[in-house]
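These notes concern the structure reproduced below.
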Amino acid sequence: MEPKFKRILYGGDYNPNQWPEEIWKEDMRIFRNARINSATINVFSWAKIQPSEHEYRFDELDRIVDMLSEEGYDIVMATSTAALPAWMVKRYPEVMYTDYEGRRHKFGGRHNACPNSPVYRHFAAALVERLAERYAHRPNVTCWHVNNEFGNECYCDICQNAFRVWLKDRYKTIEAVNEAWNMEFWGHTLYDWDEIVLPNELGDGFSPDCTNFAGISLDYRRFISDSYLDCYKLERDIIHRHNPQTTVTTNLMGTYKGLDYFKWAKEMDIVSWDNYPAYNTRPAQVAMKHDLMRGLKDQPFLIMEQTPSQQNWQKYNTLKRPGQMRALSYQGIAHGADSVQYFQLRRSVGGCEKFHGAVIAHAGTENTRVFREVAQLGRELESFGTATTGSEKHSEAGILFDWENYWALEYTSGPCADLKYVPQVQQYYDYFYQRNISVDMLPVDADLSRYKLLCAPVLYMIRGKMKEALEAFVRNGGILVLTYMSGIVGASDNVYLGGYPGPLREMAGIWVEEIDSLPPEFQNGVRFSDGSGASCSLVYDQIHLEGAEALGEYTRDFYAGTPAVTRNRFGNGAVYYIGTQLEPDGLARILDQAVSQGQVRSLIPEASGLEISCRESEDTRFYYLINFSEEDQPVPASLAGKPDLITGRISTAEDVLAPWDVRILTEAL
Ligand code: GLA
Ligand code: ZN
């Protein structure tokens, strides 16, 4: 597709406002050596650019924009609305959010506004109006960054009223609310809209992830996601009014639970996100988040933030090892990023992020390991020009990811508290990752017809047209993999009566009578049809065949010999049902069958210890090979003979990638 920017954006959060102006010139000189071409500015400057209710001061920001423009930067202009100025909180205390315990916060922190506060929205809009008026036509301001990492929750009275209005719009009558939330349970029947209270600890919540009534808690999550989205749209519309052509985004956070990012992405010109893997995050976990972020719009995205070296806010803030930052940056690009941006360009002198890595360290010079690595990467990215930007990923396999299922699965009480949505989905992603099979992360309303194989892990909630879409996919020859805890409830967490997995029962050709759950120290086993076996854990569906065949049976307990994994022919396709959490090898055995039945191809025919992913422009295919293992790994023979975009050298089968090393092998189309 047509890329949004004329080059790979390379730079990141830059806060010259925190430094005397003598330093700025030095910054420019140093950044030039690293080929930095982009800066995200004005992220937390509200108090500076609006020192009081009726006073705005843009002189410093003007000088920053002028300087960066002279240097030819792509400026990512943030709107500063993510941290409230003290004067506003003093005069209008209701702009601060009220937390889950019901406490309204005082001045402090960030991401601290009540999203429904009319006062907050008024001041945010007024500020953005002035920013957009002043900067939206500046040729170097090529991207707008609304707020920052939208998130948090608010349980104030303003939000409570807004929630009631939101509910009226959704349900029309209070009777419909009672029915949706099954309020006859515990005698919670409501007779008036103003009896509705927010489900925090003072109401029907009993911890942030637990609730007495999933119906109200799910609606609250939908509502609060929409509330922040309204704040985003408010700012975006003002910016677009001043310049309809400009690109507007906000930085997302991967699998962050609080916001329905598929819904958000529809309102964003480009997706951007902040990638902060911890010392123990596996590369496949990072890869899944990148693919999810790409999947939000099915388009290239921006990495808005990553640290060049270490974070400050994790328990152990491990340095990125020599080469690791480069490998992680290319991993982002390999999965669809058209930028590499750092938090931040110069390391803070104070505040809780003074130990957070930056391009320029406290030493203040370019004579550091981190800077040299940043500079090397900058030169490489610059040399690609526009070769890779806008290029797409094509996959034959997809995995469904759905925020409403994320919320609902984790709210549900029983059968097992260890059932967490993201790790469940990750197990499926890991399989494709290991096999170097390209896979897309898809919303439940995606066009499924492009895929041969779909995995829908823990598809607990079936709503809207999901049943029909999945049935049509399978009827047309698709292979669908379903799991335990699927098809159980509708949009309000009320169970589909008549037997699990409810709407999926017919296509799966099974009936699940009961769901056992055992603590981790008790496991069961599954024996597959070929006699091999695998252990299994967590949940154990008690399955009756209704047309499906058993691919594996439990080996122990009172249900030994009954089906644990099944397959059903449906239309021209097939539905696999995995009734228990299989260990990775066991899961791979089933998924191998599904992949071969669906004729899904790996990017390379042989096994490889490298991470391999692929992007395609109109005329070129780019194979990104990254060595995340601790040993040297050879270039797969099937990719030998292709030139490396980074060095220009032709790869050979003798070519070996050291740990963290990268190749971008190209093939003309
Ligand atoms: C987030 C924020 C940044 C900064 C970084 C530090 O991503 O957006 O402002 O605090 O974390 O890791
Ligand atoms: Zn509020």
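Every number here is computed from the coordinates shown, using simple stated rules; none is lab data. Since the model is a prediction, treat every value here as computed from it, not as a measurement. Methodologically, a virtual Cβ is constructed for each residue, glycine included, from the backbone with ideal geometry; neighbour enumeration extends over all protein chains shown.
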Inter-probe distance in nm under a simple model that places probes 7 Å from Cα toward Cβ, at residue 640 and residue 449:
4.3
Simple Cβ-charge dipole of segment 95-183, Lys/Arg +1 and Asp/Glu -1, about Cα centre, in debye nearest 20
340
Loop trypsin sites (Lys or Arg not before Pro), segment 1-74 (other Cβ atoms within 10 Å of the site Cβ: 15 or fewer; DSSP)
6, 57
Sequence of 492, 638 once ranked by neighbouring C-beta atoms within 10 Å, starting from the fewest:
638, 492
Given the -39500 (n - 2.57) contribution per DSSP H run of 4+ residues, what per-residue ellipticity at 222 nm results for the chain, rounded to the nearest 500 deg cm²/dmol?
-9500 deg cm²/dmol
Taking 0.36 nm per residue of separation between residue 263 and residue 668 and subtracting their Cα-Cα distance, the length gained on full extension comes to 142.2 nm
Between residue 546 and residue 631, what is the label-point separation in nm under the 7 Å Cα-to-beta-carbon projection?
4.9
With a 22 Å threshold on alpha-carbon distance, the violating pairs from 6/642; 4/25; 320/354 are 6/642; 4/25
Links that overshoot a 21 Å alpha carbon limit, given the list 297/393; 393/467; 393/420:
393/467; 393/420
Amide proton proximity set for residue 79, modelled H, under 5 Å, gap of 5+:
145, 147
Report, in whole Å, the centroid distance computed from the Cα atoms of segment 1-52 and segment 65-134.
19
Given H placed on each backbone N at 1.01 Å, which residues far from residue 440 in sequence or on other chains put an amide H within less than 5 Å of it?
397, 398, 399
What does DSSP give for the chain in terms of the percent of beta bridges that are antiparallel, rounded to the nearest 5?
55
Between residue 417 and residue 53, what is the label-to-label distance in nm when each label sits 7 Å out along the Cα-to-Cβ direction?
4.9
Taking every other residue with Cβ under 10 Å from the Cβ of residue 396 and scoring Lys and Arg +1, Asp and Glu -1, one gets +2
Segment 613-648 and segment 145-160 have their Cα centres apart by a whole-number Å value of 43
Calculate one ³J(HN,Hα) per residue across segment 39-46 by plugging θ = phi - 60° into the Karplus curve 6.51 cos²θ - 1.76 cosθ + 1.60, and present them in order as whole Hz with x for glycine and proline.
9, 9, 10, 6, 6, 10, 10, 4
Going through the DSSP H helices of the chain, which span 27 Å or more along their own axis at the Cα atoms while scoring at least 1.6 as a mean Kyte-Doolittle hydropathy?
none
Contour minus Cα-Cα distance for residue 119 and residue 354 (0.36 nm per residue)
81.4 nm
Stretched out fully, how many nm does the piece from residue 658 to residue 62 gain, at 0.36 nm a residue minus the Cα gap?
210.0 nm
How do 466, 325, 67 line up, fewest other C-beta atoms within 10 Å first?
67, 466, 325
Footprinting exposure proxy for 507, 96 (fewest neighbouring C-beta atoms within 10 Å first)
96, 507
Relative contact order (%) - criterion: Cα under 8 Å, at least six apart; region: the chain
11
Peptides 134-146, 584-596 ordered by average Cβ neighbours within 10 Å, highest first:
134-146, 584-596
Excluding residues fewer than 8 positions from residue 106 in its own chain, the lysines with Cα under 19 Å of it are 90
All other residues with a Cβ under 11 Å from the Cβ of residue 98 taken together, and with Lys, Arg as +1 and Asp, Glu as -1, what is their net charge?
-3
Measuring from centroid to centroid over Cα atoms, what is the spacing of segment 293-353 and segment 397-433 in Å?
25
Using a Förster radius of 51 Å, what is the FRET efficiency between residue 170 and residue 386 based on their Cβ-Cβ separation? Nearest 0.05, please.
0.70
May I ask you to list the trypsin sites (Lys or Arg not before Pro) in segment 593-669 that are in a DSSP loop and have at most 12 other Cβ atoms within 10 Å of their Cβ?
649
